[in-house]
Amino acid sequence: MTTELMKRRRFLSNLWKTGAAFIAGAGAWTTWDLINPLPSTGFGGVIRAVKPEVVTEGGVVEVATARSYLVRVDDEVIALSQKCTHLGCRVPFCESSGQFECPCHGSVFNRGGDHVKGAAPRGMDFFAVEIGDDGLVYIDTGHSIDGNPPGTSTVDAPPIGPRCTEEAH
Ligand code: FES
């Protein structure tokens, strides 16, 4: 076998190994993408939150990056937008009353986001949620879904104690 022929064989062998390594790398990358179909992003995108079990019946879990609260209604986890449907103030959860109370003009929403009182034209808005392949709740903050009209009652959750905001509003 001539030296030239040996060089050529070695070159082709290396080329084959490089191609195989590239294909294996591309396959691994594709598999990783399939396993992780919903990358976590900032507000305005899809945000990875918590395991659904963390959201207990009657509990409220704040997800600050998603500007939302996770609550359980009819055994389903839903995400309530923190943005007040009146003029957009951030609505905190009041531990003592067990309700969401807007500090700006006194609108009140129950634990399910239903409008209870005040100037807000509807209940709290929602974000779509999905359980990912990793078993975590993902919140799509790309667009909000209008809250329920006043008078809607999705949960039986009357105030459990004194309000955080003043009754004078
Ligand atoms: S902004 Fe919430 S009641 Fe006005």
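Comparison of 93, 109 shows that the only residue that is of a type in the set (Phe, Trp, Tyr) and within 10 Å of the ligand (Cβ to nearest atom) is 109.
Residues of the stretch 123-147 that are crowded, with 18+ Cβ neighbours inside 10 Å and in a loop (DSSP other than H, G, I, E, B): 123, 124, 125, 147.
Let's see how each residue does on (1) farther than 30 Å from residue 141 by Cα; (2) at pLDDT 75 or above; (3) part of a helix (DSSP H, G or I):
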{"residue": "1", "(1), (2), (3)": "yes, no, no"}
{"residue": "11", "(1), (2), (3)": "yes, no, yes"}
{"residue": "20", "(1), (2), (3)": "yes, no, yes"}
{"residue": "23", "(1), (2), (3)": "yes, no, yes"}
{"residue": "46", "(1), (2), (3)": "no, yes, no"}
{"residue": "50", "(1), (2), (3)": "no, yes, no"}
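Taking the criterion of being at pLDDT below 95 and among the hydrophobic types (A, V, I, L, M, F, W, C), would at least one residue in the stretch 133-152 satisfy it? Scanning the stretch 133-152, I find no residue that is at pLDDT below 95 and among the hydrophobic types (A, V, I, L, M, F, W, C), so the answer is no. Scanning the stretch 87-103 for residues that are closer than 25 Å to residue 43 by Cα and buried (at least 18 other Cβ atoms within 10 Å of the Cβ) gives 91, 93, 94, 99, 100, 101, 102. Pairs meeting the criteria (first residue in the stretch 107-136 and assigned by TED's automatic domain parsing to the domain that holds residue 94, second residue among the aromatic types (Phe, Trp, Tyr) and in a loop (DSSP other than H, G, I, E, B), beta carbons under 8 Å, at least 6 apart or on different chains) are lacking.
Of all residues in the stretch 43-74, exactly one satisfies the criterion of being of a type in the set (D, E, K, R) and closer than 11 Å to residue 127 by Cα, namely 67. When the residues of the stretch 66-90 are filtered to those that are away from the ligand (no atom under 14 Å from the Cβ) and either outside the structural domain of residue 121 (by TED's automatic domain parsing) or among the β-branched types (Val, Ile, Thr) (or both), the one that is nearest to residue 161 (Cα to Cα) is 71.
The values are calculated or read from the model by the stated rules, or taken from the named source; none is laboratory data. The shown structure was predicted, so the numbers you read here are calculated from the model rather than taken from an experiment. Ideal geometry is used to build each Cβ from the backbone, glycine not excepted, and the neighbour counts take in all protein chains shown.
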